[in-house]
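Everything below concerns the one structure shown next.
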Amino acid sequence: MKNISHKLLRNGIKYMSNNSKSLLLNNTYGIYNGTWKQGNGSIINSINPYTGNVNATIKTATVNDYNNMITKMGNAKKYWMNLPSPKRGEIVRQIGDELRKYKIHLANIITLETGKIHTESLGEVQEAIDICDYAVGLSRMHNGSIIPSERSNYTLLEKYNPLKKHVGIITAFNFPCAVFFWNTALNFIAGNTQIWKGSEITPLTSIACTNIIDKVLNRENIPGEIASMIIGTGDIGKAMALDNNIELLSFTGSTEVGNSVGVEVAKRFGRSILELGGNAASIVTPNAKLNTALDSILFSSVGTTG
């Protein structure tokens, strides 16, 4: 583990640069939907896994807070989906630039909350940058087909359209930044509005990532509701799975919870994207090279926090 990881985990927020701290805003905020505000739910703590000390306290949101956010998101949907795709791509390009600007500082926060080595935290932010670059290219490329018609004097044109309602994103603790931006960059290019519930273990990372997006949306006069963020308990995740306003739900987490999420979304004929698994389970066969196996198991369990 690099020196910076030791210092961050040992000394916590005290060791952070001012730029890192600036991404956290008032770290009691549990809601973002164009404005930052406290939720009306219970308080949770962001814990430094190295020392057990509290990084910050967050006022979580309630299901009622969530419902109010969904209502407000509907007002921004029409504006965002009607922007030309290349213009939405320009917003994503600027988000990528902000990620480059704050790469080290965002990585500091990820390390502080997950215990991930700093090199891996930097790599996670780089993955977020890379998907933004990829999505910007797609913003000028997702054209449809011209299809022969059976009827005379008719032409069939294929066109991609945003979802009618919203996308929900639920992410896990061990990749609290990259997985979010994998969803967000492509959502934005497609003209979708979204609401993100990050892990309760990494609320500061959720705040920091959302603040980076807010900087761009605010500068370009884009309604912040298109990238709503909510910090809450499992009740919020359950509400998202049951909500007809969430047309597509992207869930990353355990197989057990993902199975329940997939069933609930399917019951209402919604769509889901599920990335499921356990916690770094490994099988070592009798003919394996033990040194290689041990290096791989240690890296997956410690380097990338499971």
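Which members of segment 126-172 meet the condition of being polar (S, T, N, Q) and closer than 21 Å to GLU247 by Cα? So that I can check it myself, show each step before the final result.
Step one: of segment 126-172, the residues polar (S, T, N, Q) are 126, 139, 143, 145, 149, 152-153, 155, 161, 171.
Hits for segment 126-172 are ASN161, THR171.
If the requirement is being over 30 Å from MET16 (Cα atoms) and among the small types (Gly, Ala, Ser), which of these qualifies: GLY224, GLY262, GLY198?
GLY262
So THR202 ticks every box in (1) under 20 Å from ILE31 (Cβ atoms); (2) without any contact (Cβ under 8 Å) to a residue 12 or more places away in the chain; (3) not acidic (Asp, Glu) but one. Which box is left unticked?
(2)
Counting only residues that are in a loop (DSSP other than H, G, I, E, B) and of a type in the set (A, V, I, L, M, F, W, C), which one in segment 4-54 is nearest to THR119 (Cα to Cα)? Write out each step before concluding.
Filtering segment 4-54 down to residues in a loop (DSSP other than H, G, I, E, B) leaves 16-17, 23-30, 33-35, 38-42, 48-53.
Okay, now just the ones that are also of a type in the set (A, V, I, L, M, F, W, C), so 16, 23-25.
Numbers: MET16: 16, LEU23: 20, LEU24: 21, LEU25: 25 Å.
Filtering first and then ranking leaves MET16.
Of everything in segment 17-32, what is open to solvent by 10 Å² or more (accessible area, probe 1.4 Å) and under 23 Å from the mean Cα position of the chain (by Cα)? Give them in sequence order.
ASN19, LYS21, SER22, LEU25, ASN26, ASN27, THR28, TYR29
Here is a list: THR71, THR57. Which entry is assigned to a helix (DSSP H, G or I) and either open to solvent by 30 Å² or more (accessible area, probe 1.4 Å) or free of Cβ contacts under 8 Å to residues at least 24 places away in the same chain (or both)?
Details: THR57 fails: assigned to a helix (DSSP H, G or I).
Within the list THR71, THR57, the selection yields THR71.
Strands (runs of 3 or more DSSP E) wholly in segment 81-195 with at least 2 residues that are out of contact with any Pro (no Cβ under 8 Å at 6 or more places or on another chain), open to solvent by 50 Å² or more (accessible area, probe 1.4 Å) and within 20 Å of SER206 (Cβ to Cβ) - which ones?
Where strands (runs of 3 or more DSSP E) fall fully within segment 81-195, none carries at least 2 residues being out of contact with any Pro (no Cβ under 8 Å at 6 or more places or on another chain), open to solvent by 50 Å² or more (accessible area, probe 1.4 Å) and within 20 Å of SER206 (Cβ to Cβ).
Let me spell it out: the conditions are (1) in contact with a Ser or Thr (Cβ under 9 Å, 6 or more places away or on another chain); (2) at pLDDT 95 or above; (3) closer than 19 Å to GLN194 by Cα, and ALA107 meets all of them except one. Which number is the exception?
(3)
The values are calculated or read from the model by the stated rules, or taken from the named source; none is laboratory data. Nothing here was measured: the structure is a model prediction, and the numbers come from that model. Methodologically, a virtual Cβ is constructed for each residue, glycine included, from the backbone with ideal geometry; neighbour enumeration extends over all protein chains shown. For accessibility, only protein heavy atoms count, side chains too; no ligands or nucleic acids. Shrake-Rupley method; radii C 1.70, N 1.55, O 1.52, S 1.80 Å.
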